[in-house]
Amino acid sequence: MPRPKRVSVMRPIQPGIRIINAIPRTLGTIGLIGYDLADGSRWIVSCRHVLARSANWNGTPAATGEPIYQPKDDDPANVVATTDLSRTLDVIDAAAARIVDGIDAISDVLYLDQPIGVPTNAAIDMPVVKSGSRTGVTYGVVTAVGPDTIEVGPRPGETKALTKSGDSGAIWLEEGTLAPVAMHSEGNVGGVERSLAIPIAPVLAALGLTVVCPAGVGEG
């Protein structure tokens, strides 16, 4: 059986597939499925400029309750989540949207074929992998680590594009353990093949979310 296309309607939703907010109309990727630490509610984690607005947006301000569609905004049945300004970060390009009732979700990243691990910190030369809605599964290596930004470059000899527009929100995971490391936010700055990513552990802490499904709250 052929594998599903990440840009087609996919239920349950999962990390690695395409999403869009109909107002800014910026295509992006589900990075993680997060769970509220207090009530176990389910949330899509991705970039703020995908779920809400970019920092330099000059149009209609973001609001709570805006629908997030998967894969396209051409059918009301495609609404899978809604925005919440209380989980839209101001300084960091990260946000979460609450998954609507009736939409099943799983935490496994599309095409990586094993459960994700516990979030971990990046280290120079760490081999990483991501599943983006535009480029699919790509492999990289951590080349720089800062307090707010992690840089990922291509593996030696790799010819496939590391990132393209539409990959924003995809999570770089440590290869082997699939421990979430950082969220892809911007790519190929200045013509250099690279991914600028945001450390995911502090993002989850700021959003009040965990990637571990709380006891008594089933996926789906």
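In the stretch 6-121, the ratio of gyration radius to Kirkwood radius, Rg to Rh, stands at 0.95 when only Cα atoms are counted. If you wrap the chain in the convex hull of its Cα atoms and look at it from every side, the mean projected area works out to 12.2 nm². Exposure proxy for Ser107, Ser195: other Cβ atoms within 10 Å of each Cβ, ordered fewest to most, give Ser107, Ser195. From most to least packed by mean Cβ count within 10 Å, the peptides 176-184, 58-66, 80-88 give 176-184, 80-88, 58-66. Packing order of peptides 125-132, 163-170, 145-152, 18-25, highest average first: 163-170, 125-132, 18-25, 145-152 (average count of other Cβ atoms within 10 Å over each peptide's residues). Relative to the Cα centre, the charge distribution of the stretch 127-201, modelled as +1 at Lys and Arg Cβ and -1 at Asp and Glu Cβ, gives a dipole magnitude of about 220 debye. Take the Kirkwood radius over Cα pairs of the stretch 127-201, plug it into Stokes-Einstein at 20 °C and 1.002 mPa s, and you get 181 µm²/s for translational diffusion.
The charge dipole of the chain, taken about its Cα centre with unit charges on the Cβ of Lys, Arg, Asp and Glu (plus for the first two, minus for the last two), comes to roughly 540 debye.
At what distance in angstrom do the alpha carbon centres of the stretch 155-220 and the stretch 30-65 lie from each other? So the two Cα centres are separated by 15 Å.
For the chain, the 222 nm mean residue ellipticity estimated from helices alone, with every DSSP H stretch of n ≥ 4 adding -39500 (n - 2.57) and the total spread over all residues, rounds to -1000 deg cm²/dmol. Length gained on full extension, Asp101 to Ala63, computed as 0.36 nm times the residue gap minus the Cα-Cα distance: 11.7 nm.
We did not get these values from a lab; they are worked out from the coordinates using the rules stated. Because the structure is a prediction, the values reported are computed rather than measured. Heads up, the Cβs are rebuilt from the backbone with ideal geometry, glycines too, and the neighbour counts pull from every protein chain shown.
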